[in-house]
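Structure first, then comments.
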Amino acid sequence: MSDQFTEKRKRQFLDKALEGDHVHVHVFPSEKGVVLPEQLKVDPTVTLKLSRRFQGGLALKELEIVTALRFHDGYFNCHIPYAAIWGCTTESGEMQLWADNQEKIKSLMNQMVGQAAKEKDIKTEEESPSEKDPKKKTQKQKSKRTASHLKRIK
């Protein structure tokens, strides 16, 4: 598929999706032509909520989306080329991924899985030995009696 054909399909999908309240657009912020606040460019992917109902306005141009989105510092004029969009999620939860970014999506998912595994290892190392091995409970934990919330009647 040519880039123009894919960009046209993305624009058509977004145009239809924006007939509703909003759409979440999943973007690679480091792609050429993306203009976003600097704090968003540090992540490998960013999700932006777009709507024609927002005060900043929204234009689906031939090669990019131009919109003013509100962030902590106020409004920022964003430019999002269709080539940087790897997926969209509509307000009803329908998700659309595009094949032109398939390799980048795979790489991103692998990074996320690797990061999650590292975080899990770090948390496991921080646990005390009694949390890792249930047999090594402290005396206080052993003596704790579990009482029923029901009163015994004879």
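Every number in this text was worked out from the coordinates using simple rules, so none of it is lab data. Everything numeric here is computed off the predicted structure, so don't read it as measured data. Here the Cβ is made from the backbone with ideal geometry for all residues, glycine too, and neighbour counts use every protein chain on show.
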* **Charge tally in the Cβ shell below 14 Å around Thr67, where Lys, Arg are +1 and Asp, Glu are -1, Thr67 excluded** => +4
* Asked: Expressed in nm to one decimal, what extension gain is obtained for the pair Ser92 and Asn77 from 0.36 nm per residue of sequence separation less their Cα-Cα distance?
  -> 2.7 nm
* Taking a label point 7 Å from the Cα of Met112 along the Cα→Cβ vector, which residues of the stretch 1-39 have an amide N closer than 15 Å to it? -> 24-29
* Structure fact -> For the table Lys32/Lys61; Lys32/Lys118; Lys41/Lys106, the rows whose alpha-carbon distance is greater than 25 Å are Lys32/Lys118
* Structure fact -> Burial-style ranking of 28-39, 52-63, average other-beta-carbon count within 10 Å with highest first, yields 28-39, 52-63
* Please report, to one decimal in angstroms, the Kirkwood hydrodynamic radius of the stretch 2-95 built from all distinct Cα-Cα pairs. => 13.3 Å
* **R0 of 35 Å, Cβ-Cβ distance Val66-Gln39: FRET efficiency to nearest 0.05** => 0.95
* Structure fact -> Expressed in nanometres to one decimal, the distance between label points 7 Å along Cα→Cβ at Lys16 and Glu31 is 1.9 nm
